[in-house]
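Undergrad: Have a look at the structure that comes next, please.
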Amino acid sequence: MLEPRAAHRPTIIYRPIRPSDLEILEQIHAALFPIRYEREFFLDVVNGHGIVSWVAVDISRLDGQNDELIGFVTTRIIPVTESEIEDLLRYDASRKDQILVYILTLGVVECYRNLGIATSLVREVIKYASSMPNCRAVYLHVIAYNQPAISFYKKMLFKLVRRLPNFYYVQGQHYDSYLFVFYVHGGRYTCSPQEIMSAVAAYFRGLFRMLSAKLRRNEEKSLPRWSKYKETSTLLVTQNKRILGAENATCQSG
Ligand SMILES: CC(C)(COP(=O)(O)OP(=O)(O)OC[C@H]1O[C@@H](n2cnc3c(N)ncnc32)[C@H](O)[C@@H]1OP(=O)(O)O)[C@@H](O)C(=O)NCCC(=O)NCCS
């Protein structure tokens with residue numbers, strides 16, 4: 001029976017995945033994720049066909065299953081030019097060999113959680129990405145309601161760069177996703193001086209519009225009641241436009 005914390009402090013080791021992990025890998029994915037993966041995916045994972053993975057096992061287990069995996073991370077290399085985060089990266093566009101590491105799945109069996117196992121697995125991924133000089137970042141998607149995973153990646157210093165509306169379709173329902181990025185080798189895109197200037201200009205334009213609307217409202221305080229309502233709705237529209245304008249003008253990697 002799996003009760004590591006109650007029985008003893010487990011001794012966890014990390015190793016590459018093997019074909020013999022196939023069955024348990026499929027079982028854990030089915031238990032942890034709302035998305036169903038094809039058999040082909042698991043075969044690619046355990047055979048290392050285009051997918052690089054690490055697994056955790058508890059070698060101090062008392063039930064003899066010392067080599068059975070209790071945590072895993074699966075990743076794939078994606079060329080920068082084929083990724084959706086090209087605009088968030090600083091890289092030499094003339095070089096066609098620039099890559100990213102994409103985390104496909106990460107999971108830890110429930111009774112082994114909060115022991116730092118996912119932290120160690122993701123550190124392996126970051127180490128792997130850092131070992132490739134042409135790699136610019138590690139990135140991944142998390143379904144918007146998965147608070148433990150969101151907290152986990154924030155704690156690991158991944159940057160939340162985007163919210164993608166209706167990215168997932170699970171059991172007949174659409175869900176947003178968050179896009180997290182961990183930059184390596186100076187891959188982080190920073191705003192150019194012109195972009196910073198236009199963001200500042202957009203901010204002051206919005207501020208000016210808001211102040212002039214306020215001023216107009218004060219001047220028209222003596223107007224009949226119906227006229228005031230009209231002004232209130234105009235002010236709302238003006239303010240909303242300002243917020244949108246300022247957001248669009250700033251870097252998205254904040
Ligand atoms: C997310 C997950 C991989 C974390 O694994 P783990 O081994 O427990 O994580 P670690 O022990 O390394 O890190 C713990 C940190 O994760 C976050 N975390 C874990 N569980 C959490 C929870 N229930 N609520 C909020 N934050 C949580 C916290 O930041 C925590 O740090 P803290 O204890 O200092 O607050 C694990 O909960 C899991 O397998 N979930 C199901 C599958 C999944 O959602 N995978 C990620 C999407 S691909």
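Undergrad: Each label point is 7 Å from the Cα along the Cα-to-Cβ direction; what then is the distance between the points at R123 and D97, in nm?
TA: Result: 3.0 nm between the two label points.
Undergrad: Dividing the alpha-carbon radius of gyration of region 4-183 by 2.2 N^0.38 Å (N being the number of residues), what value is obtained?
TA: Compared with the compact-globule rule of thumb, region 4-183 sits at 1.06.
Undergrad: Using a Förster distance of 30 Å, how high is the FRET efficiency between L164 and E40, based on the Cβ-Cβ distance and rounded to 0.05?
TA: 0.75
Undergrad: Return the sequence-ordered ³J(HN,Hα) values of region 9-18 in whole Hz as given by the Karplus equation 6.51 cos²θ - 1.76 cosθ + 1.60 applied to θ = phi - 60°, using x for Gly and Pro.
TA: My calculation for region 9-18 gives 7, x, 9, 9, 10, 10, 8, x, 7, 10 Hz in order.
Undergrad: Let me check I've understood the local charge: for L43, count other residues with C-beta under 13 angstrom from its C-beta, Lys and Arg +1, Asp and Glu -1. What total comes out?
TA: -4
Undergrad: DSSP loop (so not H, G, I, E, B), at most 16 other Cβ within 10 Å: list which GluC sites (Glu not before Pro) in region 57-112 pass both filters.
TA: E84
Undergrad: What area, in nm² and to one decimal, does the C-alpha convex hull of region 15-107 cast on average over all directions?
TA: Answer in nm², one decimal: 7.5.
Undergrad: Let me ask you something else. Place a point 7 Å from the Cα of K155 along the Cα-to-Cβ direction; which residues of region 112-126 have their backbone N under 16 Å from it?
TA: Backbone N within reach: 112-124.
Undergrad: Now a separate question. If we count other beta carbons within 10 Å of each Cβ, what is the order of D21, D58, fewest first?
TA: So the ranking, lowest neighbour count to highest, is D21, D58.
Each reported figure results from applying straightforward, stated rules to the coordinates on display, with no laboratory input. Since the structure is predicted, the reported quantities are computational estimates derived from the model, not experimental observations. Note that we place each Cβ from the backbone using ideal geometry, even for glycine, and neighbour counts take in every protein chain shown.
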